[in-house]
Structure formats: structure tokens, C-alpha cells
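S.K.: Would you mind keeping the following structure in view while I ask a few things?
The values are calculated or read from the model by the stated rules, or taken from the named source; none is laboratory data. All values reported here derive from a predicted model rather than from experimental measurement. Cβ atoms come from the backbone with ideal geometry, glycine included; neighbour counts cover every protein chain shown. Ligands, DNA and RNA are excluded from the accessible area calculation, which covers all protein heavy atoms including side chains. Shrake-Rupley method; radii C 1.70, N 1.55, O 1.52, S 1.80 Å.
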Amino acid sequence: MNTTTITPGENGLNKYILRHPSGAEAQIYLNGAHITSWKHPDFGELLFLSRDAEFKSGRSIRGGVPIIFPQFGSGELPAHGFARSKEWSFLSSETTRSGGVKAVFSLEDSAETRKIWPYRFKADLEVTLGEALETNLIVTNKDDKPFSFQEALHTYFKISDIHKVHVQGLKGLSYIDKLNNFSLTPENNERLTFNGALDRIYLSSPQVVELHDPGLRRKIKVEKENMADSVLWNPWQEGNQTMKDLHANSYLEMICIESGNIDPKIELQPAITHVARQVLKVESL
Ligand code: TA6
């Protein structure tokens, strides 16, 4: 079974095509170990990828699933850390016992990363494709001292129309509202609908958050393990206009639901490994 093939992608960047006998397919660029496409045989493409995305080595790709590590958002490191703009190596591919197809990618520290983040580490991304899309982000402390980090799978979902979708599962939580002075705000809505820019970090969110898209007659379940938080983001028109790699009015056809560990950070002792797991499932609405 042809599960993994290497092929030049956009601008000649190396990408892996992961194929499952069901007809499901995922595409992963070595640049950032960046999943840019997840096609389901019944529901089609589930991830949003900007038509103006820059496919340049050392730059993050707009859309898909950017890997955020070791920092979320702005701070001492480049925004969202460096993992999403580094060249990862392809380690292996296999068929799993449950019949999925899996590819593993890896990033280790380098003189360049140690200059800005003085720790030895190994990060693996395991991508398993079957009926669902499972991504495990596995971080090992290879240093002789502890370090702490943030991480997220910054997933861009393709939607019919931002005005027609809703997210559910976050009622009763508090979120950090990055558009309102990072104020801690209670979430009182079970059905979250959207009519403007949002940039929210929901702390200690439930294991499952759902995206309902009546326009595409589908529901996506975002399941996470060992990832405490969920981020919801849409730049809306004003933010869209500031991003040259986000095609005009693309905000209408995307929403980011991001699983991660943002606050608190993950503290990792030497030789210890942390496994963060996300499973994306799609069903008919
Ligand atoms: O996850 C939401 C967010 O932190 C927003 O604040 C916005 O900056 C978005 O990520 C995209 O960030 P990027 O660096 O990819 O443009």
C-alpha cells in the first residue's frame, strides 16, 4: 500500500503525501512539519489553506496546522516560536495496528535554536491518517537542566461561511480576551457564533470542542489529550487586510480552533517526554 511519498510541493519545498486506502489523504511540508491538507473521502478538504500562502523555506505557511513551539504568541522568541519555520526531518512511516497510515517527523535543537532558546530538545510529530486525523506532538528534554515551553496545534479549519458556523463545548469556561486587554472573561454561551474579530485563549478547556458547519453539512470534533487549553481566532476583515499571505476576505472561510498548552507552561525535567495528542473527526450534520 502506497502510504507515504515524497514530492516537490509549492516552490519546490519537500512535502509528504500520506494516503489511506479509504481515499483519505494528508499533505505535510517538511518546512515546519506543516500539515497543509487533510482530505476526507466523504467530506473533502477540511483544512483552510490561504491562496496567498508563502511557501518559503524558513517561513510559516498560512493555513493548515502550524506547530507552535516552544512559545505561544509574542515574547522573547519569534512570534509562536521557531518550530513552524524550521526544516523537520522525515523519520519513518508505517501502517498502524488499527489500519491507519502514520508518518513521523522530527526537529532537534541546533546551534541556531540554542542561540535563542538555550536548551537541547527533540520534538517529534506523529501524523496518523485513517477515518480521523491524529497528530501527536512529542517533546523530549535532551538537556541536563529542566525547561518549560508552550505548544499548540494552530489548526485552520475550512468553513462555508464564518456567519453560519458555531462552536460548542466552551460554556462555563473563562477565556483570555486578547482583543480586550487580555482580560479574563466568562464564556456564557453554549453555541458560539461569530460577528467580528476574536482572539481568545480558553483555559482548561474540555477534551472535546465541536465546530458545526451547516453550510457544508458537517461537524468536526477537536479532541485533545494532555493539552489543557483551546484558542479561537478569526482576524475578521480588518485583521485580514493586514496579512499579505491571507487572501482578501479569506476570514469568511476559515476559523482557527487551536489545542495547546499555553498557561501554565509545560515544565519538563531532563530525559522526560511530554506527549500532546489531538484527534480530528468529521461527521455529517
Ligand atoms: O492563535 C491566535 C494568534 O495568536 C493571533 O493572535 C494571531 O497572531 C494568529 O495567532 C496568527 O499568528 P501568525 O504569527 O501566524 O500571523
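S.K.: When the accessible area of the chain is split by element with a 1.4 Å probe, what percent falls to carbon and sulfur? Working shown, then result.
M.R.: Numbers: 5580 of 12230 Å².
Within the chain, the accessible surface is 46 percent carbon and sulfur.
S.K.: Let me ask something else. Excluding LEU91 itself, what net charge comes from residues whose Cβ is under 12 Å from its Cβ, given Lys and Arg +1 and Asp and Glu -1?
M.R.: Charge balance in the 12 Å sphere: -2.
S.K.: Counting C-alpha atoms alone, how compact is the range 1-85: give Rg to one decimal and Dmax as a whole number, in angstrom.
M.R.: 13.8, 45
S.K.: Among the aspartates and glutamates, which have Cα under 17 Å from the Cα of LYS244 when same-chain residues fewer than 8 positions away are ignored?
M.R.: ASP52, GLU54, GLU253
S.K.: Using the Cβ atoms and a cut-off under 15 Å, what net charge is assigned to the surroundings of GLY75, where Lys and Arg are +1 and Asp and Glu are -1? Mind dumping the intermediate values first?
M.R.: Details: positive: ARG84, LYS178, LYS265; negative: GLU76, GLU151, ASP263.
It works out to a net charge of 0.
S.K.: Of the peptides 114-121, 58-65, 89-96, 169-176, how do they stack up when ordered by the mean number of other Cβ atoms within 10 Å, highest first? Don't skip to the answer; put the middle values down first.
M.R.: Working: 114-121: 15.0, 58-65: 22.4, 89-96: 13.1, 169-176: 17.8.
Highest mean packing first, the order is 58-65, 169-176, 114-121, 89-96.
S.K.: Which part of the range 210-224 falls in the paramagnetic zone of ARG191, meaning amide N under 18 Å from the point 7 Å along Cα-to-beta-carbon?
M.R.: Under cut-off, by backbone N: 210-221.
S.K.: From largest to smallest, what semi-axes in whole angstrom does the chain give when each is the square root of 5 times an eigenvalue of its alpha carbon gyration tensor?
M.R.: Calculated on Cα positions only, the semi-axes equal 26, 24, 19 Å.
S.K.: On to the next question. Using per-residue counts of other Cβ atoms within 10 Å, averaged over each peptide, order 97-107, 256-266 from highest down.
M.R.: Top to bottom by mean Cβ count within 10 Å: 256-266, 97-107.
S.K.: Grab the other residues whose beta carbon is less than 10 angstrom from that of GLN150, score K and R as +1, D and E as -1, and report the net.
M.R.: For residues surrounding GLN150, the net value is -2.
S.K.: Same structure again: Place a +1 charge on the Cβ of each Lys and Arg in the range 1-143 and a -1 charge on the Cβ of each Asp and Glu, then give the dipole magnitude about the Cα centre in debye, rounded to the nearest 20.
M.R.: Computed charge dipole of the range 1-143: roughly 260 debye.
S.K.: Moving on to the next point. What is the Cα coordinate range of the range 131-187 on the first, second and third principal axes, sorted by size from largest, in whole angstrom?
M.R.: If we take the Cα atoms of the range 131-187, the spans are 50, 38, 20 Å.
S.K.: Hey, another quick one. Can you tell me how the range 37-137 classifies by the Cα gyration tensor, rounded, prolate or oblate, using a/c under 1.5 as the rounded cut?
M.R.: On the way: a/c = 2.51, a/b = 1.45, b/c = 1.73.
Here the range 37-137 falls in the oblate category.
S.K.: Largest first and in whole Å, give the semi-axes of the range 171-285's equivalent ellipsoid, each being the square root of 5 times a Cα gyration tensor eigenvalue.
M.R.: On the way: eigenvalues 125, 71, 50 Å².
After diagonalising the Cα gyration tensor, the semi-axes are 25, 19, 16 Å.
S.K.: Continuing with the same structure: State whether the range 130-237 is rounded, prolate or oblate according to the following rule on the C-alpha gyration tensor (a ≥ b ≥ c being the square roots of its eigenvalues): a/c under 1.5 gives rounded; otherwise a/b larger than b/c gives prolate, and the remaining case gives oblate.
M.R.: oblate
S.K.: Anyone know which of ALA53, ALA33, ALA79 comes out most mobile in the 10 Å Cα GNM of the chain?
M.R.: Residue with maximal mean-square fluctuation among ALA53, ALA33, ALA79: ALA79.
S.K.: Still on this structure: On the principal axes of its Cα set, how long, how wide and how thick is the range 93-154? Give whole Å, largest value first.
M.R.: 41, 21, 19
S.K.: So for the chain, taking the charge dipole from beta-carbon charges (+1 Lys/Arg, -1 Asp/Glu), which of PRO8, LEU285, GLY73 sits furthest toward the positive end?
M.R.: PRO8
S.K.: Using mean Cβ contacts within 10 Å as the protection proxy, how do 239-246, 81-88 order, highest first?
M.R.: 81-88, 239-246
S.K.: At 1.4 Å probe radius, can you tell me the per residue accessible area of the range 123-237 in Å²?
M.R.: Numbers: 4590 Å² over 115 residues.
I get 40 Å² per residue for this part.
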